[in-house]
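These notes concern the structure reproduced below.
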Protein chains: 2
Amino acid sequence: MSHHWSAHVAGGGELDIAGQMLHEFNIEFGEPTPPGPAIAERLRELVASPDTVVLLVDEDGEPATRRACGVAVIRLREAIWSRSREAYLAELYVQPAQRGRGAGRVLMNAVIEHARNGGATTIEIGVDEPDAVARRLYESLGFSNRTGEGNHLMFVYEREL
Amino acid sequence: MSHHWSAHVAGGGELDIAGQMLHEFNIEFGEPTPPGPAIAERLRELVASPDTVVLLVDEDGEPATRRACGVAVIRLREAIWSRSREAYLAELYVQPAQRGRGAGRVLMNAVIEHARNGGATTIEIGVDEPDAVARRLYESLGFSNRTGEGNHLMFVYEREL
């Protein structure tokens, strides 16, 4: 059996599903997390601006039986070096039971398309070293964590304030 | 002779100085760059919103003889996981002749203060592996490129759109 996925922008009540999946995401990776409904409420505030786009992916089929199994959150802002915009993939999650069946790739292709449509000319992602599956997916889509003639690694540094 | 530095938000005509330094920054690292005045004009557009802050650092002294020797650009936006904000240090540059004399540290402390004052609870930076001086400075200020129990590296992945 072959599976076909489609991604779309989450609107209205679908942000509850997105919030719940992002909650599960944090639980799975042992991160502190607000409850799903609180995340959904925050997403609702953020998507009021075109600077935040929430995407869902689900399996093709009758609308009544469709259920999203993955979520992505894109942030956009004005760039510094040109009068274009820059995109950042803040979150990407596919539920464990649906992994390895192509949903993440369909979601990522939609991320790229929506970032472009949002006026961005570059997109960045922060990825932890052991996330091999995600890294392979990003690399297969043309992302690189290396730069310049020396082919040097690019690190994320962070601190709390 | 000891040197004392101070950092402040660049306003008005000072954005011309900031634009020129960011132009020199690109030249020094072999990056394509708009002319200084074009960067200054873009900065002027960006700082019209509180989401972008441009800081300059200069040596203490008589105002007439002061000349900025470093620049930082901070970007702020709403966070996803809480009703706070998140900061990103987009650019940090100290002119070659003034390096190693503490200006970068004064500038970074101002970056942290302004990010906090802007409502951010975290700050991120993307840093290339061979930038040893910058990495040591960030690490000495509590930044880390490692995360979680496994102390894993965090990478920036990027692609053009």
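The values are calculated or read from the model by the stated rules, or taken from the named source; none is laboratory data. Given the structure is predicted, the values throughout are model-derived calculations rather than measurements. All Cβ positions, glycine included, derive from the backbone under ideal geometry; neighbour counts span all protein chains shown. Note: areas computed on protein heavy atoms with side chains; ligands, DNA, RNA excluded. Shrake-Rupley method; radii C 1.70, N 1.55, O 1.52, S 1.80 Å.
The test for being more than 29 Å from residue A:52 (Cβ to Cβ), facing chain A (nearest Cβ under 9 Å) and not aliphatic (A, V, I, L, M) does not hold for residue B:61. When the test is whether a residue is outside any helix (DSSP H, G or I), buried (at least 16 other Cβ atoms within 10 Å of the Cβ) and not acidic (Asp, Glu), residue A:154 passes it.
The number of residues in region A:102-140 being of a type in the set (A, V, I, L, M), closer than 19 Å to residue B:154 by Cα and not in a helix (DSSP H, G or I) comes to 3.
Could you grab me the full set of residues in region A:94-109 that are in contact (Cβ under 8 Å) with a residue 40 or more places away in the chain and open to solvent by less than 10 Å² (accessible area, probe 1.4 Å)? Scanning region A:94-109 gives A:103, A:107. Scanning region B:110-139 for residues that are in contact (Cβ under 8 Å) with a residue 12 or more places away in the chain and more than 7 Å from every other protein chain (Cβ to nearest Cβ), we see that the one that is most open to solvent (accessible area, probe 1.4 Å) is B:133.
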